[in-house]
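Notes to accompany the following structure.
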Amino acid sequence: GESVGLHLPTLSVQEGDNSIINCAYSNSASDYFIWYKQESGKGPQFIIDIRSNMDKRQGQRVTVLLNKTVKHLSLQIAATQPGDSAVYFCADYSGGGADGLTFGKGTHLIIQP
Amino acid sequence: NAGVTQTPKFRVLKTGQSMTLLCAQDMNHEYMYWYRQDPGMGLRLIHYSVGEGTTAKGEVPDGYNVSRLKKQNFLLGLESAAPSQTSVYFCASSSAGTYQETQYFGPGTRLLVL
C-alpha cells in the first residue's frame, strides 16, 4: 500500500462527476490488488479487485486500472453519488510471508451536491 | 446470515488490564484475520488463522495473542494493555487465502487504553 503522510488525502468531486482515486504500491512482488470502501464507523467493504495479469477490470460503476511498470493503481467511479462518500483504501498482496493484505493509508472522497 | 460480528463494540481499559476481543463468522470460512487501524492509517495485520486450531503472526503481533478453538470464532487477547494499543480493531474472514478469495470485515471494536 501507499506510504504517505499522516493526513488523509482528500478528493472532493461534484455529484454526477467521475472520481479517480490513485494509489501507489511499493512491493514489486505484489500480484493481487483490492479496493475497499470504508464508511464512517464501519468496517472496510470490498469494491473490486484485480490480479497482476490484468491491466483493467470493470465492475458496476467502478473501474480499476493497474500499471505494474510504475506500481500504480487507480479506482474510477462513474457518476459519483452521495453514497460514495467514504474513505477508499487500496490493498495489495504479495504472497510471501503472512497471508494478509497490506493496506494503503486511504483517500477520503467527499461528494459536493 | 450476520456475516462477521465483533464484540464488544467499544471498550475503555486502564494500562495493564487485560481483555479479549471476540470475532465470530457464520459463513463457514476457513481463514480469519485481525487487523488494527490507527487514525489516518490503513489497516495492519496483527495475527491470522488458516483454519481451526491454527494461528500465525502478521505484521504487528507484539502485545497480542490469539486463539482459534472453534472454526467460527477468532479471539484476540491483550494480556497487559498499553496506550499504544489504542486503536480500532477489525476482524475479517475469507473462504480461502488472500489471493483466492475476498476478505469480509466486521464492524470493528474501538479500544481506548488510558
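Ordering A:Leu65, A:Ser52, A:Phe33 by the projection of their Cα atoms onto the charge dipole of chain A, which places +1 on the Cβ of Lys and Arg and -1 on the Cβ of Asp and Glu, puts A:Ser52 at the extreme positive end. Looking at the stretch B:1-106, the pairs of alpha carbons with a distance over 16 Å make up 54% of the total. With R₀ set to 35 Å, the beta-carbon distance separating B:Ala2 from A:Asn67 gives a calculated FRET efficiency near 0.35. Look at the stretch A:99-109: the mean tally of other chain Cβ atoms within 10 Å of its residues' Cβ atoms is 6. Remark on the stretch A:17-37: accessible area falls by at least 30 square angstrom from chain-alone to full-complex state for A:Tyr32, A:Tyr36, probe 1.4 angstrom.
Averaged over residues, the count of other Cβ atoms within 10 Å places the peptides B:82-90, A:66-74 in the sequence B:82-90, A:66-74, highest first. Normalising the average separation of contacting C-alpha pairs (under 8 angstrom, six or more residues apart) by the number of residues puts the relative contact order of chain A at 38 percent. Taking only the alpha-carbon positions of the stretch B:1-45 and ignoring solvent, what does the Debye formula give for the base-10 log of I(q)/I(0) at q = 0.15, 0.24, 0.29 Å⁻¹? Computed log10 I(q)/I(0) values: -0.55, -1.09, -1.16.
Between B:Ser95 and B:Leu114, the modelled label-to-label distance comes to 4.6 nm, taking each label 7 Å out from Cα in the direction of the beta carbon. The calculated pair-distance distribution of the stretch B:52-114 uses every alpha carbon pair, bins of 5 angstrom beginning at 0, and gives 4, 14, 22, 28, 19, 9, 4, 1 percent. Which whole-number percentage describes the relative contact order of the stretch B:10-114, with Cα contacts under 8 Å and a sequence gap of 6 or more? Reported relative contact order: 36 percent.
Here the protein assembly as shown is assigned +1 on the Cβ of each Lys and Arg and -1 on the Cβ of each Asp and Glu. Its dipole about the Cα centre then comes out at about 300 debye. Taking the centroid of alpha carbons for each part, the stretch A:19-45 and the stretch B:56-114 are 19 Å apart.
Only protein atoms count toward the accessible area here, which uses a 1.4 Å probe; on the protein assembly as shown, the carbon and sulfur part of that area reaches 49 percent. A simple charge model with +1 on the Cβ of Lys and Arg, -1 on the Cβ of Asp and Glu and nothing else charged puts the dipole of chain A at about 120 debye relative to its Cα centre. For chain B, modelled as a GNM with alpha-carbon contacts under 10 angstrom, which of B:Val12, B:Val66, B:Val50 fluctuates the most? Taking springs between Cα atoms under 10 Å, the residue moving most is B:Val12. For the peptide B:27-37, the mean number of other protein chain Cβ atoms found within 10 angstrom of a residue's Cβ is 2. Positive end of the dipole of the protein assembly as shown (Cβ unit charges, origin at the Cα centre): among B:Val66, B:Pro83, A:Leu8, the Cα lying farthest that way belongs to B:Pro83. Using a probe of 1.4 angstrom and keeping all protein chains present, the accessible surface of chain A works out to 49 square angstrom per residue.
Between A:Asp55 and A:Asn22, the modelled label-to-label distance comes to 1.9 nm, taking each label 7 Å out from Cα in the direction of the beta carbon. Leaving ligands and nucleic acids aside, the B/A contact buries around 1800 square angstrom of accessible area in total at a 1.4 Å probe radius. Each principal axis of the Cα cloud of the stretch A:7-113 was taken in turn, and the coordinate range along them, longest first, works out to 43, 28, 23 Å. Based on protein heavy atoms only, chain B ends up with 46 Å² per residue of surface accessible to a 1.4 Å probe.
Compactness check for the protein assembly as shown: Cα Rg over 2.2 N^0.38 Å is 1.01. At a 1.4 Å probe, which residues in the stretch B:76-107 are at least 40 Å² less accessible with all protein chains present than in their chain isolated? Buried by the other chains: B:Thr98, B:Tyr99, B:Thr102, B:Phe105.
The values are calculated or read from the model by the stated rules, or taken from the named source; none is laboratory data. Being a predicted model, the structure only gives us computed values, none of them experimental. Neighbour counts are summed over all protein chains in view; Cβ atoms, including those assigned to glycine, are modelled from backbone coordinates with ideal geometry. Side chains included, ligands, DNA and RNA excluded: accessible areas come from the protein's heavy atoms. Shrake-Rupley method; radii C 1.70, N 1.55, O 1.52, S 1.80 Å.
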